[in-house]
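Novice: First the structure, then my questions, so here it is.
The values are calculated or read from the model by the stated rules, or taken from the named source; none is laboratory data. Here the structure is a predicted model, which is why all the values come from computation and not from measurement. Glycine gets a Cβ as well: all are built from the backbone with ideal geometry, and neighbour counts include every protein chain shown. Calculation scope for accessible area: heavy atoms of the full protein, side chains included, ligands and nucleic acids excluded. Shrake-Rupley method; radii C 1.70, N 1.55, O 1.52, S 1.80 Å.
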Amino acid sequence: GDSVTQMEGPVTLSEEAFLTINCTYTATGYPSLFWYVQYPGEGLQLLLKATKADDKGSNKGFEATYRKETTSFHLEKGSVQVSDSAVYFCALRTGRRALTFGSGTRLQVQP
Amino acid sequence: DGGITQSPKYLFRKEGQNVTLSCEQNLNHDAMYWYRQDPGQGLRLIYYSQIVNDFQKGDIAEGYSVSREKKESFPLTVTSAQKNPTAFYLCASSIDLRELNTEAFFGQGTRLTVV
C-alpha cells in the first residue's frame, strides 16, 4: 500500500536559518504529493503541492520538488521565521483514494 | 466564507457512552473524510464518502460509524466499542474523488477526551 516517511522531529532552528524537512514515499501508481501545515490546536492547511515528476510546488517561501527517481518530496525554505513554528505533514494521493499522511515533523524556530 | 465547520471544538464524555462529532461543509464538495490524529502518528483515515448515501471504511474504522444523508454533512459517531477514543478528530472534504490531483480542505478539528 501507499506510505509516506518523514524525518522525525522536533527540528529546532534559529530565525533566518535554512530549513529542510525530508519526505520519501512508496506508492502504487503515480501519486500527487502535498505538504500541509498545522498550527497548534488547529486543522491542517495546504502549503503546496506537485502533481507530476519534476514539478516544483511553492508558497510563502516554501518549496518542494517532486523527484520520481528518488521518490522524494523534501520541503525547503531559505530563511525561517518564528511564525513558521508548526507541524508539517507530507502526504500523497494516488488514483481515487483519500490522502495518505506521514507522521508529521514539528518545527521550532527560536528568535 | 466557504469552509468546513466542526463542532464542538472540545468534547468530554464518560467511558461507555456514544458520542457524535459534527462536520458541515459549504464548499459544494462531493467527497468527505474523517481522520484521527494521535501524537507522533500522523493522520489515520477512519471513513470517507464519495457521494450522498455512500461511504467506505478507512484504515481504522472499527468502533466508529458515519452517515451521509446530505451532501453538506458527514457526522462521525464514536461508539463504546472504540477502545481508545481519546484523540483529535479532523474532518476534510475535496471536490470529487474522481478528480485526480486535488487536495483536501480541513476543518479545525474536535478534541475528544473520554474519562
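Novice: Does segment B:9-47 hold any residues that are within 12 Å of chain A (Cβ to nearest Cβ) and either more than 15 Å from the chain's Cα centre (by Cα) or free of Cβ contacts under 8 Å to residues at least 24 places away in the same chain (or both), and which are they?
Specialist: B:Pro39, B:Gly40, B:Gln41, B:Gly42, B:Arg44, B:Leu45
Novice: Please tell me if A:Glu15 is out of contact with any helix residue (DSSP H, G or I) (no Cβ under 9 Å at 6 or more places or on another chain) and over 24 Å from B:Gln37 (Cβ atoms).
Specialist: No: the conditions fail for A:Glu15.
Novice: Specify the residue that is farthest from the chain's Cα centre (by Cα); the eligible residues are those in segment A:15-57 that are of a type in the set (Ser, Thr, Tyr) and not in a strand (DSSP E or B).
Specialist: A:Thr28
Novice: Can you pull out the residues in segment B:56-115 that are among the basic types (Lys, Arg) and away from chain A (no Cβ under 13 Å)?
Specialist: If the condition is that a residue be among the basic types (Lys, Arg) and away from chain A (no Cβ under 13 Å), then B:Arg68, B:Lys70, B:Lys71, B:Lys83 are the ones that fit.
Novice: So which residues in segment A:24-67 are closer than 17 Å to A:Ala86 by Cβ, more than 14 Å from chain B (Cβ to nearest Cβ) and open to solvent by 60 Å² or more (accessible area, probe 1.4 Å), if there are any at all?
Specialist: A:Lys60, A:Glu63
Novice: Filter segment B:80-99 down to the residues that are surrounded by fewer than 16 Cβ atoms within 10 Å (Cβ to Cβ) and within 29 Å of A:Pro40 (Cβ to Cβ), then identify the one that is modelled with the highest pLDDT.
Specialist: Result: B:Thr86.
Novice: Another question, then. So, in segment A:68-97, exactly how many residues are crowded, with 18+ Cβ neighbours inside 10 Å, assigned to a strand (DSSP E or B) and not small (Gly, Ala, Ser)?
Specialist: Counting residues in segment A:68-97 that are crowded, with 18+ Cβ neighbours inside 10 Å, assigned to a strand (DSSP E or B) and not small (Gly, Ala, Ser) gives 8.
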